[in-house]
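Notes follow once the structure below has been shown.
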Amino acid sequence: MAGIREESWLSLHLPSGTILLVLTTIYWRESWKYGARAFRYCMLDLGHALAAAGEAAYCLGWRLSLQEEMGTDDLARILWNGPDKMTDGPTGKERPDVMLALFSDGRVHRMNERAKEDLRGAMDPDFFWERPSRTPPGLELYHLAQGDARLAAKESSCGQGIASDGCFAVAMISRFEDPIGEYGPWFYSRLYWECGMIGQALYLSSEATGYRGCGIGCFFDDMVHRMLGLFDLGYQDLYHFTVGRALTDPRLIDLPAYG
């Protein structure tokens, strides 16, 4: 990273031998198809990339640290000597989103117990909250209600059969209003990064056990909120995911990337 001066590098307080990785996004490549939803989809993809980088680093005995103090303009100065190099539109260049530091002695963060209790207090009070038998130790898995949930999974995911025909479907619920109010609008992207990271973990885990995973970006969040008893912006449905056996789709074909 030739764009970083020595004093700036020292101010990061990173171990010797650290590798810096900057992830960028080209929004218009998504927006031509998805319109206003493209930003959310790009942020979810960024979360998948963050998790993939973290898993790869872990396999090599390294750790990954998110350099949260770096904003878009800061990263643009490192990459292109200034934010003025970024332009929007079909000819626009990519916009930097986040810098990662990969090194050999990082830290691991875990969810706290209070987050679970706050979510439980916000949801339908009639839910069971019972741990199913044979649940692995350390896995926060709870049985909330009993019944056939296939139709609910399908309808809440824009009527897509992949949500109801697999092994299980997931709706990722996040604290929403409070963190954005506390940290500012920039934290909106961060929420989607974290959902994308969970999705990437599901991708890798399903592949490792002989199954397949699929992210679902089209869903009805208000329907999910009603099912869970959530009625304000305290929590928000941000991403859906499903896991099951793979089926060949004859509608999909492969074409050479470059003719």
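When segment 90-112 is limited to residues that are within 21 Å of the chain's Cα centre (by Cα) and of a type in the set (D, E, K, R), the one that is modelled with the highest pLDDT turns out to be 97. Of all residues in segment 113-143, those satisfying the criterion of being hydrophobic (A, V, I, L, M, F, W, C) and at pLDDT 85 or above are 119, 122, 123, 127, 128, 129, 141.
Let's see how each residue does on (1) open to solvent by less than 70 Å² (accessible area, probe 1.4 Å); (2) out of contact with any Ser or Thr (no Cβ under 8 Å at 6 or more places or on another chain); (3) at pLDDT 90 or above; (4) on the phi > 0 side of the Ramachandran plot:
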residue	(1), (2), (3), (4)
180	yes, yes, yes, no
186	no, yes, no, no
190	yes, yes, no, no
199	yes, yes, yes, no
208	no, yes, yes, no
215	yes, yes, yes, no
219	yes, no, yes, no
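When the helices (runs of 4 or more DSSP H) confined to segment 145-229 are screened for residues that are closer than 18 Å to residue 51 by Cβ and under 16 Å from the mean Cα position of the chain (by Cα), those reaching at least 3 such residues are found at 187-208.
Within segment 14-31, the set of residues being touching a helix residue (DSSP H, G or I) at 6+ places or on another chain (Cβ under 7 Å), within 17 Å of residue 99 (Cα to Cα) and either of a type in the set (Lys, Arg) or open to solvent by 40 Å² or more (accessible area, probe 1.4 Å) (or both) comprises 21 only. Scanning segment 175-204 for residues that are more than 20 Å from residue 23 (Cβ to Cβ) and among the aromatic types (Phe, Trp, Tyr) yields a single hit, 176. Here residue 244 qualifies as of a type in the set (Gly, Ala, Ser), farther than 22 Å from residue 33 by Cα and surrounded by 15 or more Cβ atoms within 10 Å (Cβ to Cβ).
Please verify whether residue 229 is out of contact with any Gly (no Cβ under 6 Å at 6 or more places or on another chain), at positive phi and either among the acidic types (Asp, Glu) or touching a residue at least 40 places away in the same chain (Cβ under 8 Å) (or both), treating the condition exactly as stated.
Details: out of contact with any Gly (no Cβ under 6 Å at 6 or more places or on another chain): yes; at positive phi: yes; either among the acidic types (Asp, Glu) or touching a residue at least 40 places away in the same chain (Cβ under 8 Å) (or both): yes.
So residue 229 passes the test.
Any residue that is touching a strand residue (DSSP E or B) at 6+ places or on another chain (Cβ under 7 Å) and open to solvent by 90 Å² or more (accessible area, probe 1.4 Å) - is there at least one of those in segment 222-235? Taking every residue of segment 222-235 in turn, none turns out to be touching a strand residue (DSSP E or B) at 6+ places or on another chain (Cβ under 7 Å) and open to solvent by 90 Å² or more (accessible area, probe 1.4 Å).
Those helices (runs of 4 or more DSSP H) of segment 20-80 in which 1 or more residues are in contact with an Asp or Glu (Cβ under 6 Å, 6 or more places away or on another chain) and closer than 18 Å to residue 194 by Cα occupy 38-59.
The values are calculated or read from the model by the stated rules, or taken from the named source; none is laboratory data. Being a predicted model, the structure only gives us computed values, none of them experimental. Positions of Cβ are generated from backbone atoms using ideal geometry, with glycine treated the same way; all protein chains shown enter the neighbour counts. In case anyone asks, the SASA skips ligands and DNA or RNA and just uses the protein heavy atoms, side chains included. Shrake-Rupley method; radii C 1.70, N 1.55, O 1.52, S 1.80 Å.
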